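The values are calculated or read from the model by the stated rules, or taken from the named source; none is laboratory data. Since we're looking at a predicted model, the values are computed, not measured. Cβ sites come from the backbone with ideal geometry, for glycine too, and all protein chains shown count toward neighbours. Quick note on the areas: whole protein, heavy atoms, side chains included, nothing else; ligands and nucleic acids left out. Shrake-Rupley method; radii C 1.70, N 1.55, O 1.52, S 1.80 Å.
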Amino acid sequence: MSAPRLAVVVLISGRGSNLQALIDAAAGGRLQADLRAVVSNEANAAGLARAAAAGIDTRVVDHRAFNSRDAFDAALARCIDAFAPDLVVLAGFMRVLTPDFVQRYRGRLINIHPSLLPDFPGLDTHRRALQAGVAEHGVSVHFVTPQLDGGPVIARARVPVRREDEPDALAARVLAQEHRLLPEVVQWFARGRVALGTHGEILLDGQPLAAPVDV
Ligand code: GRF
């Protein structure tokens with residue numbers, strides 16, 4: 001008998017290219033996970049069509065229909081919990097989540113962020129990295145905590161910055177690394193290799209991680 005596959009719900013707000021990377025990795029046998037549902041806060045997110053084309057359940061929970069963050073997050077949690085996920089992946093999900101929501105999914109909520117965290121949390125990371133004149137930029141996958149883009153970082157992928165780089169060109173090179181990094185880290189969860197310890201430390205293969213893994 002084969003081991004049960006990791007049940008995953010993916011949250012998106014837009015394009016869904018990282019979602020596509022997960023879909024492709026699962027279809028290609030590189031990711032032992034069932035993508036149970038894709039939930040978007042935007043009804044017209046292009047990623048919803050990608051999910052539907054792959055035969056994955058889709059749901060929309062529009063934040064504009066709620067008069068508080070708490071009410072939205074409660075509805076979002078009800079929607080997610082109906083699919084009983086082992087892991088919830090924020091893949092371009094553009095809403096800040098309440099501490100209650102984050103706590104509910106402690107240890108099974110991850111986000112992909114386009115910078116080498118802790119550098120450049122928040123928006124517009126590529127432009128800010130260029131302005132700061134860094135030699136290296138990249139992407140991080142981290143556990144979500146109430147602090148925006150501030151949770152423990154599991155793994156990162158680096159991209160050298162070129163002297164002539166424009167934000168769009170840099171973003172495209174980072175995105176290619178995002179599509180490599182995210183399925184890899186989700187596969188670690190599928191294999192039971194990664195966990196969040198009681199003190200907020202990351203355990204990889206049972207050992208505390210001293211620094212994010214370079215993938
Ligand atoms: C990615 O750059 C991701 O790192 C960030 O939002 C973007 C989403 O892109 N959080 P996509 O929707 O996966 O194409």
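General observations
- Accessible area per residue in Å² at 1.4 Å probe, computed on the chain: 48 Å²
- Volume of the Cα convex hull of the range 1-104, divided per residue and given in Å³: 96 Å³
- Antiparallel DSSP beta bridges within the chain, percent to nearest 5: 45 percent
- ³J(HN,Hα) computed for each position of the range 198-215 - Karplus, 6.51 cos²θ - 1.76 cosθ + 1.60, integer Hz, glycine/proline x: 5, 9, x, 7, 8, 10, 10, 6, x, 10, x, 8, 6, 8, x, 6, 8, 10
- Gyration tensor (alpha-carbon) shape descriptor, the range 41-90, a/c threshold 1.5: oblate
- Rounded to the nearest 20, the size of the Cβ-charge dipole of the chain about its Cα centre is 260 debye, with Lys and Arg at +1 and Asp and Glu at -1.
- For the chain, calculated [θ]222 nm from helices alone, where every DSSP H run of n ≥ 4 adds -39500 (n - 2.57): -10000 deg cm²/dmol
- Qualifying GluC sites (Glu not before Pro) for the range 171-215 [loop in DSSP, other Cβ within 10 Å: at most 15]: GLU201
- Separation of the ALA46 and ARG15 label points, Cα + 7 Å toward Cβ, nm: 0.7 nm
- For the chain, the square roots a ≥ b ≥ c of the C-alpha gyration tensor eigenvalues yield an a/c under 1.5, which makes the shape rounded.
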